[in-house]
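So the structure is just underneath, and the comments pick up after that.
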Amino acid sequence: MTATTNGRTRKAPKNHLRQLFRLFLRLGLTAFGGPAAHIAMMQREVVDKRRWMDHDHFLDLIGATNLIPGPNSTEMAIHIGQERAGWRGLLIAGACFIGPAVVITAIIAWGYRQYGSLPQVSAFIFGIKPAIIPVILAAALPLAKRALKDAWLWAIAIAALVIGLFGVNEIYVMFGAGACTLLFFAARNRDNTLQGFGPILLQVPAIVVSNARIFFAFLKVGAILYGSGYVLFAFLDSELVAKGLLSRKVLIDAIAVGQFTPGPVFSSVTFIGWQMGGWKSAALATLAIFLPSFLFVALSHPLIPRMRKSKLFSAFLDGVNAASVAIILTVCIDFGRATITDWRAVAIAAAGAIVVFGFPKVNSAFVILGGSVLGYLLQLL
C-alpha cells in the first residue's frame, strides 16, 4: 500500500489506516459548525498536532476542494486520507467523517417519521455558533501567513473578501482570483506559454452515473453544487419542493437537523431521503450526494503536485489560496452578524477566543461542545 506526501510517493505504514479511522471517526462525532469549523479542526489535528503535512500543502488542498463541487470539509477529509494512506485511506477517512452524522441523522429521521417533530435543541445551537468563530479565526491566521506571500496576493484576498461580503457566489470568487493571478503572472513573465495545461487536464477520465431516479436526483446535486449547506437547501427547494416531491416544512426541519448534528451538513439528505421513501431512499440519497466528492478528490488529488510544478498553474493556485483565506474570513463575518446579537453570544465568543488563543493545545471540539453547554446554561437566565 502506498501514499503520497506533498506529491511524493512513499510506503504507508500499516498503522496509518488505524490513525485515520480513529481521527476521522472522532471528528465525525464532534465536528460541529459547518465546513470552515470542520477544516479548522482538521488543520489543528493534521498539521499542528500530528504534522502529517505542512501548512502550504494543507492550503493547496483547501484551494483544490474549493475548485470542485461538493461539501468542502468532506472533501478535505478524503484528501487527507488519500495523502496519508492511498485509496484505502481515502475511503476510510471519508466514511468515518460522514458516518456518524449519517447514523445520527437516520435515527432522527426515523423518529421524525414516527412522531412528526424534532427534539428541542435550540439552546444548544445558540451556544455552538458563537463558539465556532474563534476556532475558525485561529485556523485562518497560519493559512493567511502562508497564502499572502506578496502585495499582489494581499490585494487579491482583500478584493475577494469585499466581493464575498456582497454575496457573490464563492466559486466565482475562487476562479476569478485564480484567473487574475494567472494573468498577472503571465504579464510579468511574457516568455511563459500555456504549455502544461492540456496534458494535466487530459488525465481526468469520464465519470459514469446511475439512472435510478432518486439516486440520480441527489447525484446531480452532489456533482454540480458549489457553496455552503444553505446553497444545498436552496437547490433542493427548487429540485424537490417546487416539483412536489417534498414539503417545505420537511425541508426546513432538515435544515434544523443539519444545524445540530456533527459532521457535514450534506448528511441532511439522509433525513430528506427517509421522509421521501424510508431507509432505502435515505441510503440512496446519502450515497448519491457524497459519491461525487470521492470521485472528484480521487481524480484531482494526483494533479495538485503537478499544478505546483507548473509555473502557470502554481500562480493560479496561489490566487485561489488567497481567495480561500478571504472566504474563511467572510464566513466568520457572516457568522458574527447572524449570531453575536446579545451579551450571551458575546460572552460565549469571548470565552472561546480565550481558550483557543490562550490555550492552543486544547482540542477545538471541546471549545465547540463547551460553547453548546454554556449556551444552554445562559439561556436559562
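The values are calculated or read from the model by the stated rules, or taken from the named source; none is laboratory data. Nothing here was measured: the structure is a model prediction, and the numbers come from that model. When we count neighbours, we look across all protein chains shown, and the Cβ atoms used for this are built from the backbone with ideal geometry, even at glycine. We work out accessible area using only protein heavy atoms, side chains counted, and drop any ligands, DNA or RNA first. Shrake-Rupley method; radii C 1.70, N 1.55, O 1.52, S 1.80 Å.
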- Query: Under the classification rounded if a/c is under 1.5, otherwise prolate if a/b is larger than b/c and oblate if not, where does region 222-364 fall, given a ≥ b ≥ c as square roots of the Cα gyration tensor eigenvalues?
  - Reply: oblate
- Item | Computed FRET value (nearest 0.05) for Lys361 with Ile224, which takes r as the C-beta separation and R₀ as 35 Å | 0.30
- Can you give the accessible area of Leu299 in Å² (nearest 10), computed on protein heavy atoms with a 1.4 Å probe? 50 Å²
- Hey, what do the phi angles of region 335-347 turn into as Karplus ³J(HN,Hα) couplings, whole Hz, using 6.51/-1.76/1.60 and θ = phi - 60°, x for Gly and Pro? 4, x, 4, 7, 10, 8, 10, 8, 5, 5, 5, 4, 5
- Query: Can you put Ile340, Ile132, Ile108 in order of accessible area, largest first, using a 1.4 Å probe?
  - Reply: Ile340, Ile108, Ile132
- Message: Calculate the FRET efficiency for Ala179 and Trp279 from the Cβ-Cβ distance with a Förster distance of 35 Å, rounded to the nearest 0.05.
- Response: 0.20
- Task: Using a cut-off of 13 Å between beta-carbons, work out the net charge of the residues near Val241 (Lys and Arg +1, Asp and Glu -1, Val241 not included).
- Result: 0
- For Asp56 and Arg113 in the same chain, what is the full-extension length gain: residue separation times 0.36 nm, less their Cα-Cα distance, in nm? 15.9 nm
- Cα-based reach from Lys311 at 19 Å (exclusive), listing aspartates and glutamates while leaving out same-chain residues under 8 positions away: Asp56, Asp60, Asp150, Asp191
- Query: Solvent-accessible area per residue for region 280-381 at a 1.4 Å probe radius, Å²?
  - Reply: 45 Å²
- Query: Accessible surface of Lys243 in the full protein assembly, 1.4 angstrom probe, to the nearest 10 Å²?
  - Reply: 120 Å²
- Might you work out the accessible area of Leu378 for me, using a 1.4 Å probe with all protein chains in place, and round it to the nearest 10 Å²? 20 Å²
- Along region 312-327, what does the Karplus equation 6.51 cos²θ - 1.76 cosθ + 1.60 (θ = phi - 60°) give for ³J(HN,Hα), rounded to whole Hz, x for Gly and Pro? 5, 5, 4, 5, 4, 5, 4, x, 4, 5, 4, 5, 4, 4, 4, 5
- For region 243-381, averaging the sequence separation of alpha carbon pairs under 8 Å that lie six or more residues apart and dividing by its residue count, the contact order in percent is 10 percent
- Shape call for region 275-347 from the C-alpha gyration tensor, a ≥ b ≥ c root eigenvalues: rounded (a/c under 1.5), prolate (a/b greater than b/c) or oblate? oblate
- For Lys309 paired with Ala123, estimate the spin-label separation in nm (one decimal), with each label point 7 Å from Cα along the Cα-to-Cβ line. 5.9 nm
- For region 25-144, shape from the Cα gyration tensor axes a ≥ b ≥ c, cut at a/c of 1.5 then a/b versus b/c, turns out oblate
- Count charges around Leu317 for me, please; just the other residues with Cβ under 10 Å from its Cβ, Lys/Arg as +1, Asp/Glu as -1. -1
